[in-house]
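Colleague: What follows is a single structure, and I will ask about it in a moment.
The values are calculated or read from the model by the stated rules, or taken from the named source; none is laboratory data. Keep in mind that what you see is a predicted model, and the values were worked out from it rather than measured. Don't worry about glycine lacking a Cβ; one is built from the backbone with ideal geometry, like all the others, and counts go over all protein chains shown. Note: areas computed on protein heavy atoms with side chains; ligands, DNA, RNA excluded. Shrake-Rupley method; radii C 1.70, N 1.55, O 1.52, S 1.80 Å.
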Amino acid sequence: MSDLQQLETELLAAVTGAATLKDIEAVRVNALGKKGQVSVLMKGLGKMQPEERKPFGQAVNGLKQRVATALDARKSTLEDEALAEKLASETTDITLPVRPSPMLEGRIHPISQVWEEVTEIFADMGFSIAEGPDIEDDFHNFTALNIPPEHPARQEFDTFYFGKKEDGSRPVLRTHTSPVQIRTMENEKPPLRIIAPGRVYRCDSDQTHTPMFHQVEGLVIDRETHFGHLKWVLEEFFKAFFELDDIKMRFRASHFPFTEPSMEVDIGYAKVGDEIRIGEGNQWLEVLGCGMVHPNVLKSVNLDPDEYQGFAFGVGIDRLAMLKYGMPDLRAFFAADLRWLRHYGFSSLNMPTIAGGSGV
Ligand code: PHE
């Protein structure tokens, strides 16, 4: 076999053996590149005798063309294969079931939902949000609210006390959100229009009471605020909250040391089977305490009762949630039962808005 034939056999074998596009490029450079074996032969032609040059030149040219054709063919085969592989690896089986996103798995607790709903409704009426600490001092939880030491109302609250501090004072877990009234009036000048949602604590537990529960405090202080305003605000609130045009409300005369006069408000409902229907029937659930702020409370924060007056209310968030979403036992709220939460919980993408219906 001549050297040329030998070279051709080797080069064509290399072309066939190239398994990747990278290999085939290496084969091409080795054969036809500037310093490739075939190119070197072509360059040698110049030094040959004319009679030798012609047949050798033709032979090398033929070889060059056959190798180039083989290279092209192999390259396009390899390109096709690479494309096929890429397409295969990128296929998506659109018949597979959709994996539920964690966002949809998680649930908003009904308390958080109702908390947001209540906040949204009052914010829309022009109330701003105030906050206070869960661990309160005696002054804010009791004394400033016209409940002096030894006042019998202190017993009614079933207070959780902390141990005595060095100065003899005893912090408490706040028994209501009313101390936020005091903190707000201490820090801001009237006119005031605030609500304060938060956790409160009382040593009490049965179907409708848990040791920790939630309230929204409301406080309005201005020069000419009267009971009619209070009644209107509550009525508007309940209608928006329950998404009803008419609501059955019952005001009962009551007593709170920090309001005078004081009222308790019940919401009328009917129980049909397991379902709770608001605005019908003749059953009542107490959801709220309210009244005109007591002059002594105003004095305790250095406001002149002859100049300023106002109203306050405290709504039980948990009770509202029970009524609106028909959950009969309050204790289940805090039992951390996932099945309960999946059933009664809300989607995290479901923001309550007035326009969309507060609790869709
Ligand atoms: N703080 C009272 C309670 O927890 C509710 C209330 C608030 C009553 C404001 C009157 C005014 O029972």
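Colleague: In region 285-325, how many residues are within 14 Å of the ligand (Cβ to nearest atom) and of a type in the set (Asp, Glu)?
Modeller: Here the count works out to 2.
Colleague: Scan region 136-194 for residues that are open to solvent by 50 Å² or more (accessible area, probe 1.4 Å) and in contact with a Leu (Cβ under 6 Å, 6 or more places away or on another chain) and jot them down.
Modeller: Phe160
Colleague: Now a separate question. How many residues does region 261-307 contain that are touching a Pro at 6+ places or on another chain (Cβ under 6 Å) and without any contact (Cβ under 8 Å) to a residue 12 or more places away in the chain?
Modeller: 1
Colleague: Restricting attention to region 225-234, and to residues there that are in contact (Cβ under 8 Å) with a residue 24 or more places away in the chain and open to solvent by 50 Å² or more (accessible area, probe 1.4 Å), which single residue is nearest to the ligand (Cβ to nearest atom)?
Modeller: By that ranking, first place goes to Phe227.
Colleague: Exactly one of these conditions fails for Ala321: (1) among the small types (Gly, Ala, Ser); (2) over 32 Å from the mean Cα position of the chain (by Cα); (3) farther than 16 Å from Leu219 by Cα; (4) buried (at least 21 other Cβ atoms within 10 Å of the Cβ). Give me its number.
Modeller: The one condition Ala321 does not meet is (2).
Colleague: Are any of the residues in region 176-193 part of a strand (DSSP E or B), touching a Gly at 6+ places or on another chain (Cβ under 6 Å) and within 14 Å of the ligand (Cβ to nearest atom)?
Modeller: no
Colleague: Quick one: which of Phe237, Phe258, Phe241 is touching a residue at least 40 places away in the same chain (Cβ under 8 Å), away from the ligand (no atom under 15 Å from the Cβ), aromatic (Phe, Trp, Tyr) and open to solvent by less than 30 Å² (accessible area, probe 1.4 Å)?
Modeller: Phe241
Colleague: Confirm whether Lys35 is open to solvent by 60 Å² or more (accessible area, probe 1.4 Å) and outside any helix (DSSP H, G or I).
Modeller: Taking the combined requirement at face value, the residue satisfies it.
Colleague: Related question: Just to be sure before I move on: is Arg199 under 18 Å from Ser112 (Cα atoms), open to solvent by 10 Å² or more (accessible area, probe 1.4 Å), at pLDDT 95 or above and touching a strand residue (DSSP E or B) at 6+ places or on another chain (Cβ under 9 Å) in the structure I sent?
Modeller: Taking the combined requirement at face value, the residue satisfies it.
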